[in-house]
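Data block below; observations after.
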Amino acid sequence: MPADDLELLQGTLDLLILKTLTWGPRHGYAVASWIRATTDDRLHIEEGALYTALHRMEKRQWIEAEWGLSENNRKAKYYQLTAAGRKQLRAKAALWTDYASAVFKVLETA
């Protein structure tokens, strides 16, 4: 996969995760489940990609994590947005909206 494609995919996944966390702290499985449910089962996030993205965003300080108990009383790492993450979400959402708009213009051309 070309580097540009990989960067686009990572940026899109980061955007989806950041948006998911605007609804409050969630553990990884809950993040993936929310994305799947919100997209009417059209987007499935692979576990490896999800946790790679979460760790990358944690290193960038866009999110922070804390251990807690899941709904099943299992130990789980809960992720939440930081101020830097909210700023990044606004920036990424604006870029992605512009990008999607440009793609739709091309697709709608007769």
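The values are calculated or read from the model by the stated rules, or taken from the named source; none is laboratory data. Owing to the predicted nature of the structure, the values given are computational and were not obtained by experimental measurement. All Cβ positions, even for glycine, are placed from backbone atoms using ideal geometry, and neighbour counts span all protein chains on display.
No other residue among ALA83, ALA32, ALA53, ALA65 is under 21 Å from TRP96 (Cβ atoms), surrounded by fewer than 19 Cβ atoms within 10 Å (Cβ to Cβ) and of a type in the set (Gly, Ala, Ser) apart from ALA83.
Can you find a residue that is hydroxyl-bearing (Ser, Thr, Tyr) and under 18 Å from THR12 (Cα atoms) anywhere in region 82-91? No. Please go through region 60-72 and give me each residue that is within 15 Å of GLY11 (Cα to Cα) and without any contact (Cβ under 8 Å) to a residue 40 or more places away in the chain, ordered by number. The one that is within 15 Å of GLY11 (Cα to Cα) and without any contact (Cβ under 8 Å) to a residue 40 or more places away in the chain: ARG60. Could we say that ASP41 is at positive phi and at pLDDT below 95 here? Taking the combined requirement at face value, the residue satisfies it.
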